[in-house]
Amino acid sequence: MSDARDTDGSTSAGNDRLSIGARLAAARKKCELDIGAVANELNLDASTIAALENDDTAALPAAIFVKGYLRNYARLVGLPEDEMVSDYAAQTGEPPPLTVVSVNSKTPFFQLPSARLLRNIILILLAAILIWLAYPFVERLVESRGQATQEPAPGRLALPVNPQSTE
């Protein structure tokens, strides 16, 4: 036997021609793992791992889950994750994922300002309204303090001013 052969008898160069499940099984055997250890490591049932290795799509859940399983399995056994997922999509005939395409549209006639600017304007308006409403109270408070300073201090006698004494 040649040194290029894996433990299951397939050649390394022939891995590209093998199915996804066969590649996973070969890589698992190369890492000296059994199905139970892989299932335990990936938090999956052993039946799911067996279905992945046997390419049994009827026993597998939806494709979105299988892609995640394949990524994790490939990462565990050292296979290229993206290649495995793209091969699975090609094997199942799944359409490619949706992409967002921008549509050239006219700019709107009136564009709203940013949320930060609107917030700041509202805060300034609220502060101005509060100052306007508080002004009469503050004015009365200042006047009442001003009158308190004109009263004579306790213990002092306030003498009335005699207009005739200035003559």
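The values are calculated or read from the model by the stated rules, or taken from the named source; none is laboratory data. Here the structure is a predicted model, which means the values were calculated and not measured. Cβ: placed from backbone, ideal geometry, glycine included. Neighbour counts: every protein chain shown.
Confirm whether Leu52 is modelled with pLDDT of 90 or more and more than 33 Å from the chain's Cα centre (by Cα). Quick ask: steps written out before the conclusion?
Numbers: modelled with pLDDT of 90 or more: yes; more than 33 Å from the chain's Cα centre (by Cα): no.
In short, no.
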Restricting the search to region 4-35, which residues are surrounded by fewer than 14 Cβ atoms within 10 Å (Cβ to Cβ), in a loop (DSSP other than H, G, I, E, B) and modelled with pLDDT under 50?
Ala4, Thr7, Asp8, Gly9, Ser12
